[in-house]
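Trainee: So that we are looking at the same thing, I have put the structure below in structure tokens.
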């Protein structure tokens, strides 16, 4: 008889994901989706696995600080599988009150496979020492303010230094805290197949906390269990998973029937399909991206939503293979993503200070090259999901100086009344997870003369 293979535990799946996130460029949300769809984990184990992955990644800096004091060697010198087991165990000891200490320790030790068998004693000893009491888990002294905040709220020092220069003390702590909180699930309602009210009624039968988005016109927000609750509506093309701040960018673009629109950095395609939904087959959106495979997935999404008028073009926005002017161009530019740390906690450990200026240079190059594609009187919307000045205000200031035919069109005049408070006196949209409950975005609407 064939040997029965037992289903993996939530902790084993989480451990595998953490190892892969650290060793590759993969994102945790993508790996979680693949693993949860391909394993026999039930709903409760799936929720535990998700919490373990996101929690361990978000608190990795603090976990590593404590582990560095408990170990007799730098944690970087350990194999990635051992590091992941230690982090998972300590995360449960520190942040999951409902998990008994013995369970957190024993299950973490059991995660080590045969090639790491010799490290089981080390993992057991370190976690037992951590469980002995808070005296073993000291934070840096309060006098070393930046480093203490970095460890206490699990952010790299260079990010804390930047936010400390940009925000007062209360806002700084609130932002660091918000980055470690799991965001709710937001879906965008396809107006060609459903209404916000109908989707809310549909989802409320499965989860207790469903509400209309606070800011975006087509958003429905589910506080808990949103992915599973919305699975049927998603499969049938009534909704798409898209954060509320991301949806606001399309509200600012304000697509209208008959318009010809370019999405210059299209993949993965959430904004492209949102634009096409607004056009409702009375117009066209050109999706430009250098990755042919990503555009293929975008085509599948358009089919799921029943959208026509989406045309994929393979090419780099720095050298767009297009000549005919557009009524509107969206540049949702590649950026450091530091406004999405609660959604992508691994980004805080991947980004480096030099990435800010490198990506700002890329953003300038894209804007410079797509500007000629905006017709006279047309619209150019620039957006980034980050909080750095170099990638937001500075990019737009330089662009306007080099392209005087463009000027800022205050976004308050375009979006719904409820979203107007997200715009500053210069007409630019700025959102913060700590203040507005959505990802940190900067967006501006420019009009050509």
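Read the figures in this text as sums done on the coordinates, not as results from a lab. Remember, it's a predicted structure, so these values are computed and weren't measured experimentally. Positions of Cβ are generated from backbone atoms using ideal geometry, with glycine treated the same way; all protein chains shown enter the neighbour counts.
Trainee: Quick one: order 322, 93 by neighbouring beta-carbon count within 10 Å, fewest to most.
Mentor: 322, 93
Trainee: Can you give the translational diffusion coefficient of segment 347-418 in µm²/s, computed by Stokes-Einstein from the Kirkwood radius over Cα pairs at 4 °C and 1.567 mPa s?
Mentor: Diffusion coefficient, whole number: 93 µm²/s.
Trainee: Can you figure out the FRET efficiency of residue 181 with residue 291, using R₀ = 45 Å and their beta-carbon distance, to the nearest 0.05?
Mentor: 0.90
Trainee: In percent, how large is the relative contact order of the chain, given Cα pairs closer than 8 Å and 6 or more residues apart? Working shown, then result.
Mentor: Working: 780 pairs, mean separation 53.4, N = 449.
Relative contact order here is 12 percent.
Trainee: If neighbour count is taken as other Cβ atoms inside 10 Å, put 160, 173, 438 in order from fewest to most.
Mentor: 173, 160, 438
Trainee: Going 7 Å from the Cα of residue 97 toward and past its Cβ, which residues in segment 126-154 have a backbone nitrogen under 17 Å from where you end up?
Mentor: The answer is 134.
Trainee: When the chain is modelled as a GNM with alpha-carbon springs shorter than 10 Å, which of 57, 48, 307 fluctuates the most?
Mentor: Between 57, 48, 307, it is 48 that shows the largest mean-square fluctuation.
Trainee: On C-alpha positions alone, give me the angle between the axis of helix 157-166 and the longest principal axis of the chain, in degrees, nearest 10.
Mentor: Long axis of 157-166 versus the principal axis of the chain: about 50 degrees.
Trainee: Shifting gears a bit: If we count other beta carbons within 10 Å of each Cβ, what is the order of 136, 273, fewest first?
Mentor: Least to most surrounded, the residues fall as 136, 273.
Trainee: Express in nm, to one decimal, how much length is gained between residue 195 and residue 72 on full extension, taking 0.36 nm for each residue of separation and deducting their alpha carbon distance. Please report the intermediate quantities before stating the final value.
Mentor: Details: separation 123, 0.36 × 123 = 44.28 nm, distance 5.88 nm.
My answer for the length gained is 38.4 nm.
Trainee: Another one. Out of 240, 108, 80, any idea which swings most in a Gaussian network model of the chain, alpha carbons joined below 10 Å?
Mentor: 80
Trainee: Then there's this: What translational diffusion coefficient, to the nearest whole µm²/s, does the chain have by Stokes-Einstein, given a Kirkwood radius computed over alpha-carbon pairs, a temperature of 4 °C and 1.567 mPa s viscosity?
Mentor: Values: Rh = 23.5 Å.
Estimated via Stokes-Einstein, D reaches 55 µm²/s.
Trainee: Residues in segment 62-76, backbone N under 16 Å from the label point at residue 138 (7 Å along the Cα-to-beta-carbon vector): list them, ranges by number please.
Mentor: The answer is 65-71.
Trainee: Which residues in segment 187-220 have a backbone N closer than 17 Å to a point placed 7 Å from the Cα of residue 174 along the Cα-to-Cβ line?
Mentor: none
Trainee: A follow-up question, please. Taking N as the number of residues in segment 183-252, what value does Rg over Cα atoms divided by 2.2 N^0.38 Å take?
Mentor: 0.96
Trainee: Something else: So how far, in whole Å, is the C-alpha centre of segment 179-193 from the one of segment 287-312?
Mentor: 20
Trainee: Can you tell me the length gained on complete extension of the stretch residue 235 to residue 117, counting 0.36 nm per residue apart and subtracting the Cα distance?
Mentor: Using 0.36 nm per residue and subtracting the Cα-Cα distance, I get 38.1 nm.
Trainee: Just to be sure I understand the model, the point goes 7 Å from the Cα along the line to the Cβ. What's the resulting residue 79 to residue 416 distance in nm?
Mentor: 5.3
Trainee: Dimensions of segment 244-448 along principal axes (Cα, Å, largest first)?
Mentor: Reported extents, whole Å, longest axis first: 39, 36, 35.
Trainee: Normalised by the empirical 2.2 N^0.38 Å for globular proteins, what value does the Cα Rg of segment 134-188 take?
Mentor: 1.33
Trainee: Under a point spin-label approximation (7 Å from Cα along Cα-to-Cβ), what is the residue 354-residue 40 distance to one decimal in nm?
Mentor: Calculated label separation equals 4.9 nm.
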